[in-house]
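Written out below as structure tokens is the structure these notes cover.
The values are calculated or read from the model by the stated rules, or taken from the named source; none is laboratory data. Bear in mind the structure is a predicted one, so any value in this text is a computation, not a measurement. No Cβ is skipped: glycine too gets one built from the backbone with ideal geometry, and neighbour counts run over all protein chains shown. Keep in mind that these areas ignore ligands, DNA and RNA; they rest on the heavy atoms of the full protein, side chains included. Shrake-Rupley method; radii C 1.70, N 1.55, O 1.52, S 1.80 Å.
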There are 4 protein chains.
Amino acid sequence: MAPRKLKTAISGLGRMGARHALNFLHRTPRCDLIAAFSPDPKEIAWARTNLEPYGVHLYTNYDEMLKHPGLEAVVVATATTVHAEQAIKAIKANKHCLCEKPLSTTVQGSQSVVDAAKAAPHLKVMCGFSRRFDASYRDAFSRIDDGSIGRPSVFRSQTCDKLDPSGFFVAYAEFSGGIFVDCNIHDIDLALWFYGQDSIVKSVVAVGITAVQPELRRHGDVDNGVGIIEFWGGKIAYLYSSRMMAAGQHDMTEVIGTEGKITVNGNPSTNLVEMSEPTGIRREIPGDYYGRFREAFVTEASEFTEACLENLKLPFKLTGAVQAVKIGAALQESLRSGKKIEFDETGRRLTEEWVPPAKAKL
Amino acid sequence: MAPRKLKTAISGLGRMGARHALNFLHRTPRCDLIAAFSPDPKEIAWARTNLEPYGVHLYTNYDEMLKHPGLEAVVVATATTVHAEQAIKAIKANKHCLCEKPLSTTVQGSQSVVDAAKAAPHLKVMCGFSRRFDASYRDAFSRIDDGSIGRPSVFRSQTCDKLDPSGFFVAYAEFSGGIFVDCNIHDIDLALWFYGQDSIVKSVVAVGITAVQPELRRHGDVDNGVGIIEFWGGKIAYLYSSRMMAAGQHDMTEVIGTEGKITVNGNPSTNLVEMSEPTGIRREIPGDYYGRFREAFVTEASEFTEACLENLKLPFKLTGAVQAVKIGAALQESLRSGKKIEFDETGRRLTEEWVPPAKAKL
Amino acid sequence: MAPRKLKTAISGLGRMGARHALNFLHRTPRCDLIAAFSPDPKEIAWARTNLEPYGVHLYTNYDEMLKHPGLEAVVVATATTVHAEQAIKAIKANKHCLCEKPLSTTVQGSQSVVDAAKAAPHLKVMCGFSRRFDASYRDAFSRIDDGSIGRPSVFRSQTCDKLDPSGFFVAYAEFSGGIFVDCNIHDIDLALWFYGQDSIVKSVVAVGITAVQPELRRHGDVDNGVGIIEFWGGKIAYLYSSRMMAAGQHDMTEVIGTEGKITVNGNPSTNLVEMSEPTGIRREIPGDYYGRFREAFVTEASEFTEACLENLKLPFKLTGAVQAVKIGAALQESLRSGKKIEFDETGRRLTEEWVPPAKAKL
Amino acid sequence: MAPRKLKTAISGLGRMGARHALNFLHRTPRCDLIAAFSPDPKEIAWARTNLEPYGVHLYTNYDEMLKHPGLEAVVVATATTVHAEQAIKAIKANKHCLCEKPLSTTVQGSQSVVDAAKAAPHLKVMCGFSRRFDASYRDAFSRIDDGSIGRPSVFRSQTCDKLDPSGFFVAYAEFSGGIFVDCNIHDIDLALWFYGQDSIVKSVVAVGITAVQPELRRHGDVDNGVGIIEFWGGKIAYLYSSRMMAAGQHDMTEVIGTEGKITVNGNPSTNLVEMSEPTGIRREIPGDYYGRFREAFVTEASEFTEACLENLKLPFKLTGAVQAVKIGAALQESLRSGKKIEFDETGRRLTEEWVPPAKAKL
């Protein structure tokens, strides 16, 4: 008899949601995608063609979907603003839950999901930090964990998007939490992974500019940000995020230890093709985040599914998602206030709370 | 209603067969793997654990498997020596057939499969030239097809295996057809793809050495071979194959045109990790062919399946497999005879047939 | 008649001084090296073998050397602590002067050289920012200057030394001015070059750790430092310096503009050799700064010499050296104080002066 | 007293000659360039500006130049057709001689220089195989010599020029000896270096096409050639030469041994700059041979000079130049005749001499 499959639903069928849906449907051997929710008629239309023929029931009401008979797990891939709410509802409806990152743009919002999960310890609740499932990052982690670079001490990481001349991300910035919460949240999560989930932040400081989209200032955001995180115990992470990479998506990380360095994706490339032309030698790079992490999402879907079915330990703790948002939000505040923010050795904030002026202004 | 799935069986569950089986089982959305055959008890034992639980019926008799109710397609992934026979049986049993490369180590053997397929034009019969499904090769082809390098004129390609100190490939050489048929067959197929399937060979010449496995001479084979193929119309392909790459598998190709060059996999790498160590900067490369072409096999499975179900044109013609064997076998003969072999403008051989001495000797 | 040569003396024959001496002696066509000074008997012994045979007069007293008949120019390559003093003496003795970087570890010290130079406008006085003469940096500058990346907006640069287990640099740190003045001074100078020499600093902030040499704390220094510089007008530079690169020297820079990015030395390498070994593919990287910038020093010597002889404009202004020290010293202060330091739009410091505790402590 | 300098003359001030002249004049510490010869008024005009002011006496008669008082050494950098004649004259006039490659396009011509040199064993006579002085090739040789790749067994090397649409090389082909003598002579010399100067050729075979310059057929030449050399003892070299590289000069070599591989210049680049643009990531490569080997020529000049002055052993034997021409000319013959050429274990030719048809025709 074939192994049991996990009856799964997906919420949100936008750019990322649709990709998740197809991965759970076709590339996750032990998943049985049975339901999908979207409030958006265009997304539902897409689902009629791409999901329904495979037996996926479509819903325009999230609460209704949660009642779908036999449903065991929910993937939350909607807009960031409703992540926390939907994740909590799923947990309360006794469903396992994979919630896209960030759980929320605020620490409190993120913590509320953690609290709900704590109250239902039999459920698997995971934040979708896709890079944790990337084969290269895993290889890097394993090497570092084996001591190959000595004591990891300096961490550099960036999340840089291809320039989108449409300026789509300006409107998006209103709800994204800002570039450090939206983009660098991945890098922060990686820092916590590589340095140890129990690392305590000592200070954060950030600066940024609006090189291509001055309108971002309206939302207290920038299109290029640089930040530094100090951790207690002699560790530094420094981060860069950008919305204006000409060549394409370039997310990369390097971890410098006392005996070596590991770099992940120092030389991005779409594939293994190189062109020699009168202008020199050229290669292309992925146009977007998904182009870089396509396979990581597939692995994420499979591992989440296995963990639910077999009651396995998830590869990382949900509480890390709160830490990451705490640091990301502090960087974003530092960007806005112009102040460095300090924390004591327990992680308690020392710098007093910053009160933004009536109208945010960089 | 979900799209119909193709009821498929697999023959051969060795190294490559097992991988095919798992791909057809788990990573081919429209395939329903229903049967598997192997004469080998160890392979059957593996299948009991990995295939049977998913509803795959196991056979130790190929002919019996062909009678499995509802069976529509067969994947032949057994030893090279029985490829042609099994493929022909499958075709005669009215099954679509994906046969691993080469169809046979001889031109006649390969042609017999083509003849069988011609007699059953409603069936899809494809030779498993996996590189044709590789995203990088496809990208390269598409760029060249668009004229980006002018007229392709010189083609260099290599198939180089990691040194296997066990010498496994010595025994294997007895039936493989030799290094030009076993390894460079891929490169020859690529040359025919990039230069046009109707390219006519003008001459072939090859040399080789046994640098690490002198025993190969018993089978008229070598562990490092270099060959040159001239095509009528001013085109050259030169090939290298090796069984002794220290760092790992390195299969690569470059196509030089009158206005540019395209390289595929000039700088091999297992993943995106780079290590900086006291000895310098280092990256690892795949240990075997599958490590390089993993995703190509998945694509191959899907496209073959779709073509069968939807009666789509296969991405390349079966006759090319005969051409490739013709050239590969001629290179192997040139290696053994020490003679260059010439062909006229219709592809008819001009150089008289070589009669090997009683005991092959390089 | 052969073009006239510049009668030149060198002060300091330590590691860098000896290299300068040989460059001015053998690789600078229009230089006539006639004198050399060192207070160190070991260095003088070296000079007896390597310089004196070519007619270079040796001195153990700097002031005496300045009186050498016909002397026209002096290269100051002694310890940082006496750079300014020797440069000023040379200028007052009516000699052209190439002074190694930094002019001084303090703004006042550096300014005193500028003041002396201003009083002798007929003399060529240059600070030895060797990277300004590197072919790759010049190519990068020229491309950026031509607008190829749009408006340069984010600048990342690092100066990373190979780990020296001898801990030589700990003693050295007492007088070096700290890692941001000693190492990142190059990166700061590059930022000023690429952003325009008239760029006004808006803020600086820095953090650092002692991962391998805790003794550095005695001198208020670190072995790994990260700093951010904001410039007025929407430009950011972020810097990294390290004393513990396992693989070797890695100095690199990237400049991100609104339409592209230029990277200099993203993939360091000693030469064009790549090794494929059972452990993968490996290349070595230079062991020290000189291994990276060897040719830049030769170009520097030639261009300085030509400028003196032909009364040509120097490639960059001496005042930039003061700006660079101002920023480097501020980063070093921020590292020590833990505070971000701000400047108004004229570059006047806003943050009040930091008074270090009796004993510097990170 | 400064070390004695070698009184040197240069013959030929064309593209390469002029570069040699400047290297010997400005970048060779122990050389005193005192004379130069050219029959070409344009070259003499260039020398009036660039050499004469430095005390170089100019001649338009080679024999006259040889009589220049005190002359000790001659650099022959004229057209290939007069290399041998001028070298022999220099030797007979008792001068050391550095002769550009090839000594001659024929074996006999090359041998005549060797014979002259044998008769004057106190003189240093060297063929200008510039790659022997390249730091990367030397590093590769030294690693291989240390056993780092086991037994070198397969050698791949190419000399590929940037496409010159002017077709300059067509006229040039009349006297160059053909692409295998003119271009691949370097690769052949490298093969002899890496495999041992006493390696005995077993067979050669070559093919070629005229992809961009059909006129080359008039001279029995091609614009793209591929050749294979077998050496006795189980070693293979395979070579490629091209006149139509779009991106620029790409000369590279890889040596594959039983335990590893060494690659020289697998990824060519003009400098350390990489451009990220909307079309991807790009680097430029050198436009010509000199751009790749600039520093090797400087080293060559210095080492030749030192060897003459100090009676040191030259880095390689003159007889190798005959071997290289023997192999290169045989490849060129194979290209024209379409036949493989075989040699016995003493290197004596087995295949009978080919008599070209009245009008060479590929």
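So which residue, out of B:GLU174, B:GLU215, B:GLU64, gets the largest mean-square fluctuation from a GNM of chain B using Cα contacts under 10 Å as springs?
Fluctuation is largest for B:GLU64.
Mind listing the phi-derived Karplus ³J(HN,Hα) values for the stretch A:231-246, rounded to whole Hz, using 6.51, -1.76 and 1.60 with θ = phi - 60°, and x for any glycine or proline?
10, 4, x, x, 9, 10, 10, 10, 10, 9, 9, 8, 10, 9, 6, 5
Computed FRET efficiency, Cβ-Cβ of C:GLU310 and A:GLU352, R0 60 Å: what is it to the nearest 0.05?
0.45
Per residue, how much accessible area does the protein assembly as shown show when a 1.4 Å probe rolls over the protein heavy atoms, in square angstrom?
It amounts to 37 Å² per residue over the protein assembly as shown.
Could you run the numbers on buried accessible area between A and C, total for both chains, 1.4 angstrom probe, in Å² to the nearest 100?
Using a 1.4 Å probe, the pair buries roughly 3000 Å².
Kindly express, to the nearest 10 degrees and within the range 0 to 90, the angle between helix A:107-118's C-alpha long axis and the longest C-alpha principal axis of chain A.
The angle comes out near 40 degrees.
Considering only the protein assembly as shown, what is the antiparallel percent among its DSSP beta bridges, to the nearest 5?
Around 55 percent antiparallel, to the nearest 5.
Rounded to whole Å, how close does chain B get to the rotation axis onto A by Cβ? Give me the residue too, please?
B:ARG27, 3
In nm, one decimal, shortest first: how far is the label point of B:GLU345 (7 Å from Cα along Cα to beta carbon) from the matching points in the other copies?
4.6, 7.9, 8.9
List every residue whose amide H lies under 5 Å from the amide H of A:PHE343, counting only residues 5 or more places away in sequence or on a different chain, with H placed 1.01 Å from N in the peptide plane.
Here A:SER203, A:LEU350 satisfy the definition.
Using θ = phi - 60° and the Karplus relation 6.51 cos²θ - 1.76 cosθ + 1.60, list the HN-Hα couplings for the stretch C:203-208 in order, rounded to whole Hz, with x at every Gly or Pro.
My calculation for the stretch C:203-208 gives 7, 9, 8, 8, 9, x Hz in order.
Could you tell me which trypsin sites (Lys or Arg not before Pro) in the stretch A:278-362 are loop residues by DSSP with no more than 12 other beta carbons within 10 angstrom of their beta carbon?
Those satisfying the criteria are A:LYS313, A:ARG348, A:LYS359, A:LYS361.
Using only Cα positions of chain C, each an equal point scatterer, no hydration layer, compute I(q)/I(0) via Debye at q = 0.11 Å⁻¹ and quote the log10 values to two decimals.
Reported log10 I(q)/I(0), two decimals: -0.78.
Taking all protein chains together and a probe of 1.4 Å, list B:TYR289, C:TYR172 from the most accessible to the least accessible.
C:TYR172, B:TYR289
When the distances between all Cα atoms of the protein assembly as shown are binned every 10 Å from zero, what whole-number percent does each bin get?
1, 8, 14, 18, 18, 17, 12, 8, 4, 1, 0
Taking a threshold of 29 Å on the Cα-Cα distance, which of the pairs D:LYS124/D:LYS339; A:LYS261/D:LYS261; A:LYS124/A:LYS340; B:LYS7/B:LYS101; C:LYS124/C:LYS339 fall above it? Mind showing how you got there, number by number?
Values: D:LYS124/D:LYS339 38 Å; A:LYS261/D:LYS261 25 Å; A:LYS124/A:LYS340 37 Å; B:LYS7/B:LYS101 22 Å; C:LYS124/C:LYS339 38 Å.
Distance filter (> 29 Å) returns D:LYS124/D:LYS339; A:LYS124/A:LYS340; C:LYS124/C:LYS339.
Evaluate the charge dipole of the stretch D:6-128 about its Cα centre and quote only its size in Debye, nearest 20, assuming +1 on the Cβ of each Lys and Arg and -1 on the Cβ of each Asp and Glu.
On the way: 14 positive and 10 negative charges, 59 e Å.
Rounded to the nearest 20 debye, it is 280 debye.
Which whole-number percentage describes the relative contact order of the stretch B:6-128, with Cα contacts under 8 Å and a sequence gap of 6 or more? Before the final figure, lay out the partial values.
Numbers: 229 pairs, mean separation 28.5, N = 123.
Contact order relative to length: 23 percent.
Determine the share of the stretch B:6-128's accessible area contributed by carbon and sulfur atoms, expressed in whole percent, with a 1.4 angstrom probe.
The computed percentage sits at 54.
Using a 1.4 Å probe on protein heavy atoms, which residues of the stretch B:195-237 have at least 20 Å² less accessible area in the complex than alone?
Correct list: B:VAL205, B:VAL207, B:ILE209, B:ALA211, B:VAL226, B:ILE228, B:GLU230, B:GLY234, B:ILE236.
Of all the accessible heavy-atom surface of the stretch C:247-344, with the other protein chains kept in place and a 1.4 Å probe, what percent is carbon and sulfur?
C and S fraction of accessible area: 50 percent.
Among DSSP bridges having both ends in chain B, what percentage is antiparallel? Round to the nearest 5.
The antiparallel proportion sits near 50 percent.
Enumerate the calculated ³J(HN,Hα) couplings along the stretch A:158-175 in order (Karplus 6.51 cos²θ - 1.76 cosθ + 1.60, θ = phi - 60°), each rounded to whole Hz, writing x wherever the residue is Gly or Pro.
For the stretch A:158-175, the Karplus curve yields 9, 10, 10, 8, 4, 4, 10, x, 5, x, 3, 6, 5, 4, 4, 4, 4, 10 Hz.
Calculate how steeply helix B:15-26 sits against the longest principal axis of the alpha-carbon atoms of chain B, using the helix alpha-carbon long axis, and give the answer as 0 to 90 degrees to the nearest 10.
For helix B:15-26, the angle is close to 50 degrees.
Label position 7 Å from Cα toward Cβ: report the copy-to-copy distances for B:PRO53 in nm, one decimal, ordered from shortest.
B:PRO53 label point versus its equivalents elsewhere: 3.1, 7.9, 8.5 nm.
How far, in nm to one decimal, is A:ASP145 from itself in the other copies if the label point is set 7 angstrom along Cα toward Cβ? Shortest first, please.
In ascending order, 4.3, 4.6, 5.1 nm.
Could you work out how far helix A:135-145 tilts from the main Cα principal axis of chain A, as a 0 to 90 degree angle to the nearest 10?
60 degrees
Do me a favour and compute the ellipsoid semi-axes for the stretch A:6-128 from its Cα gyration tensor, root of five times each eigenvalue, largest one first, whole Å.
Whole-Å semi-axes of the equivalent ellipsoid: 22, 15, 12.
Hey, can you list the residues from the stretch A:5-53 whose accessible area shrinks by 30 Å² or more with all protein chains present, relative to the chain by itself (probe 1.4 Å, no ligands or nucleic acids)?
With the partner chains in place, the stretch A:5-53 has these residues losing at least 30 Å²: A:HIS26, A:ARG27, A:PRO29, A:PRO53.
Note every residue of the stretch D:102-146 with a reduction of at least 30 square angstrom in accessible area, all protein chains present versus the isolated chain, computed with a 1.4 Å probe, or write none.
In the stretch D:102-146, residues shielded by partner chains: D:SER136, D:ASP139, D:ARG143.
P(r) tail for the stretch D:73-208, what percent of Cα pairs lie past 20 Å?
Result for the distance tail: 55 percent.
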